[in-house]
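*Asks:* Just passing along the structure, written as C-alpha cells.
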Amino acid sequence: MSVRKIVTVVEEIRAEGGRALDRPARIAVVAAVIENPWAGQGFVEDLTPGIDAHASDLGALLAPAVLDALEAPAEAYGKAAIVGLDGEIEHGSGLIHTLKFGDHFRKAANATTLLPAVEKRGPAGVVFDIPLKHITDATIRSHHQTVEVRLSDAPHPNEIVIALAAAAQGRPQQRLAPLSTEQ
Amino acid sequence: MQERMDHFDESIGLRKLVLYRDVVLTEAGAAPAQPARRASVAAVIRNPWAGTGPTADLSREQKRIAPVLASLLTGRLVAALGGVDEIESFGKAAIVGTAGEIEHAGALIHTPYFGNLVREFLQGESIICFADTRAEAGETLVVPLWHKTHASTRSHYQTISARVSDAPRADEIVVVAAASTGPRPHPRIGDRMTDPVVTTETLEVVAS
C-alpha cells in the first residue's frame, strides 16, 4: 500500500452557544492519503483482491492513531472514503465497507455498532463531513454529530483519502430528549 | 486525558482549538530523506475590540490576551510535534472575522506580547514569518514557515494550511501558531551559499 501522507486533526471545543463546557469536547480525525489501488486499470469488475490487499492494513494503521490523537476513550465514531476524480466511489467504499477495515477500530475502541460513513468523490482540497454515532448504541441521540475535514492537497485524481473519526463525548451542550421518550 | 477547563478560557473568550498535523511519507513517489511532521494549532477567540472604532487603543487587551495565546498555542505545538527540540521552523497567522479590522489580527500576533513569547517558547531566534487576512468562517489560510534560528535556510521555506470550519464568526479572531520538524520533502533548490551572483547583467537573456 502506497501512503503519501497522514493527516491528524483534533478539535477541542471549550464553549458552545455562548456557554463554557464543563470539560473540553474533543473530536479527532486521522486520514491516510493512499494511491487508488485500481488507478489506471479501467473498469475492474472484481474489487475483492484489492480490498483484501489493503482494507485490513488501513484499519490497522488508522484505528490506533485516531485513538492516540483523541487522548481519551472514544464514545462515538465514524469513517470516510474520499476518492480522487479519476476513481470510482465504489473504490473508496470497497476499502471501508468491509469488516476487515472496521473491525480494527471496533476492537481498539471496545465498540460494537456499524461505523457511519461518508463516501464522496472530489478534487484535492474538497471539504467533507464525517458522521459519528455512539460506539455501542447507534440510537443514542446525544452522540449523533459530524466533524468537517479538509486536506489541502488531497486526494489527487489517482488517490483515495481514507479516514477515521472518534469523539470522546456527544455534542457539546447536547440536550435533546432521548429516542425512547418518543416511542 | 481531558483536563478541567483552564481558568483562562473565559478571560480570553476561547471557543475552540484545532490542531492540524501532517507527515509526508512519500512525495513524487519517493520517501523523504528527513520526513518532517508539520502542525498548526488554531485558537478561536472573541474579538476583544469588536464594535470599537479605528481610534480605539489596542494595547491593553493585546498585552493581556496575546501572552496567553502564545503559551497555549506553543504548548500544543510542542506536544503535537514531539518536543521543542524537534521543531526546526515556525510561523504564525491570524484571521479576523468580518466585523473586525485586520489591525485587530495584527495586534494579537505582531507585537512582542505574542511574537517574542512564541520565539522564546519554541527556542528560536529568527523573526517569525506570518500571514493574516479578514475572512468568513471556513477560510483556508496558507501559513508560511521558515527556520527558527536561520531564517534564510531555503530548505525550510514551506507552508501549512490552517482552517477552522466554523470560525471566525464576524466577531471572532482565529490565531494560529505553526511549526515543522524539518525541511520540504525533497529540498534541492540550493541555498544562499551555493547561489551564483544573479543580476540582469550576469544573465545572457533577460526579458525586457
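*Asks:* Quick check for me: using +1 on Lys/Arg Cβ and -1 on Asp/Glu Cβ, what's the dipole size of chain A about its Cα centre, in debye to the nearest 20? Walk me through the numbers before you get to the answer.
*Replies:* Working: 17 positive and 23 negative charges, 140 e Å.
With Lys and Arg at +1 and Asp and Glu at -1, about 680 debye.
*Asks:* Quick check: Cα centre of segment A:116-132 to Cα centre of segment A:1-80, how many Å?
*Replies:* About 11 Å separates the Cα centre of segment A:116-132 from the one of segment A:1-80.
*Asks:* Now, a different point. For B:Ile127, A:Ile130, which order do you get if you count the other beta carbons within 10 Å of each Cβ and list the fewest first? Please report the intermediate quantities before stating the final value.
*Replies:* Details: B:Ile127 10, A:Ile130 25.
Exposure proxy ranking, most exposed first: B:Ile127, A:Ile130.
*Asks:* Rounded to the nearest Å, what's the spacing between the alpha carbon centres of segment B:27-105 and segment B:150-177? Just the number, please.
*Replies:* Centre-to-centre distance over Cα atoms comes out at 7 Å.
*Asks:* Per residue of A:20-31, count partner chain C-beta atoms within 10 Å of its C-beta, then hand back the mean as an integer.
*Replies:* Values: counts 5, 3, 3, 5, 9, 2, 2, 1, 1, 1, 1, 1.
Counting Cβ atoms of other protein chains within 10 Å of each residue's Cβ and averaging gives 3.
*Asks:* Another one. What residue among B:Pro48, A:Ile96, B:Ala131 has its Cα farthest toward the positive end of the dipole of the protein assembly as shown, where the charges are +1 on Lys, Arg and -1 on Asp, Glu, each on the Cβ?
*Replies:* B:Pro48
*Asks:* For chain B, what is the relative contact order in percent, using Cα pairs closer than 8 Å and at least 6 residues apart in sequence? Could the numbers behind the result be given before it?
*Replies:* Details: 441 pairs, mean separation 55.6, N = 208.
Rounded, it is 27 percent for chain B.
*Asks:* Using a 10 Å Cβ count of at most 14 others and DSSP loop calls, identify the longest part of chain B lacking such GluC sites (Glu not before Pro).
*Replies:* Values: sites that count: B:Glu3, B:Glu125, B:Glu136, B:Glu201, B:Glu204.
Result, exposed sites excluded: B:4-124.
*Asks:* For helix B:59-81, report the angle its Cα long axis makes with the longest principal axis of the Cα atoms of chain B; keep it between 0 and 90° and round to the nearest 10°.
*Replies:* 50 degrees
*Asks:* Read phi for every residue in segment A:33-40 and hand back ³J(HN,Hα) as whole Hz from Karplus 6.51 cos²θ - 1.76 cosθ + 1.60, θ = phi - 60°, with x for Gly and Pro.
*Replies:* Rounded to whole hertz, the list is 9, 10, 6, 4, x, 9, 4, x.
*Asks:* If you take the Cα atoms of chain B, find Rg, then find the Kirkwood Rh from the mean of 1/r over all pairs, what is Rg/Rh?
*Replies:* On the way: Rg = 18.8 Å, Rh = 18.1 Å.
On the Cα set of chain B, Rg over Rh gives 1.03.
*Asks:* If one takes the longest principal axis of the Cα atoms in chain A, at what angle in degrees, from 0 to 90 and to the nearest 10, does the Cα axis of helix A:48-70 lie?
*Replies:* On a 0 to 90 degree scale, this one is about 30.
*Asks:* Pick out, from A:Ala111, B:Thr194, A:Gly122, the residue whose Cα sits farthest towards the positive end of the charge dipole of the protein assembly as shown, with +1 on the Cβ of Lys and Arg and -1 on the Cβ of Asp and Glu.
*Replies:* Positive-end residue among those listed: A:Ala111.
*Asks:* Which residue, A:Ser152, A:Pro131, A:Leu179, has the largest displacement toward the positive end of the dipole of segment A:3-182 when charges sit on each Cβ (Lys, Arg +1; Asp, Glu -1)?
*Replies:* About the Cα centre, the residue reaching furthest to the positive side is A:Leu179.
*Asks:* In addition: Each residue of segment B:43-51 in turn: what ³J(HN,Hα) in whole Hz from Karplus with 6.51, -1.76, 1.60 and θ = phi - 60°, glycine and Pro shown as x?
*Replies:* 10, 9, 10, 5, 5, x, 10, 4, x
*Asks:* Which loop trypsin sites (Lys or Arg not before Pro) in segment B:165-208, with loop taken from DSSP, have no more than 10 other Cβ atoms within 10 angstrom of their Cβ?
*Replies:* Taking segment B:165-208 and a limit of 10 other Cβ atoms within 10 Å, the loop trypsin sites (Lys or Arg not before Pro) found are B:Arg188, B:Arg192.
*Asks:* Let me ask you something else. Quick check for me: using +1 on Lys/Arg Cβ and -1 on Asp/Glu Cβ, what's the dipole size of chain B about its Cα centre, in debye to the nearest 20?
*Replies:* Around 340 debye, computed over chain B.
*Asks:* If you don't mind, another one. Only Lys, Arg, Asp and Glu count, each charged at its Cβ (+1, +1, -1, -1), so figure out the dipole size of segment A:101-159 about its Cα centre, rounded to 20 debye. Don't jump to the answer; show the numbers that get you there.
*Replies:* Values: 7 positive and 7 negative charges, 35 e Å.
So the dipole magnitude of segment A:101-159 works out to roughly 160 debye.
*Asks:* Assuming R0 = 51 Å, what is the FRET efficiency of B:Thr52 and A:Leu179, from their Cβ-Cβ distance, to the nearest 0.05? Show your work: numbers first, answer last.
*Replies:* Working: r = 47 Å, r/R0 = 0.92.
The formula returns an efficiency of 0.60 here.
*Asks:* Here is a follow-up. Tell me which lysines have Cα within less than 28 Å of A:Lys5's Cα, excluding those fewer than 8 residues away on the same chain?
*Replies:* Cα-Cα hits under 28 Å: A:Lys79, A:Lys100, A:Lys107, A:Lys120, A:Lys133, B:Lys16, B:Lys92, B:Lys148.
The numbers here are math on the coordinates, done by the rules we state, and not lab data. Keep in mind the model is a prediction, meaning the values are calculated, not measured. Note that each Cβ is placed from the backbone with ideal geometry, even for glycine, and that neighbours are counted across all protein chains shown.
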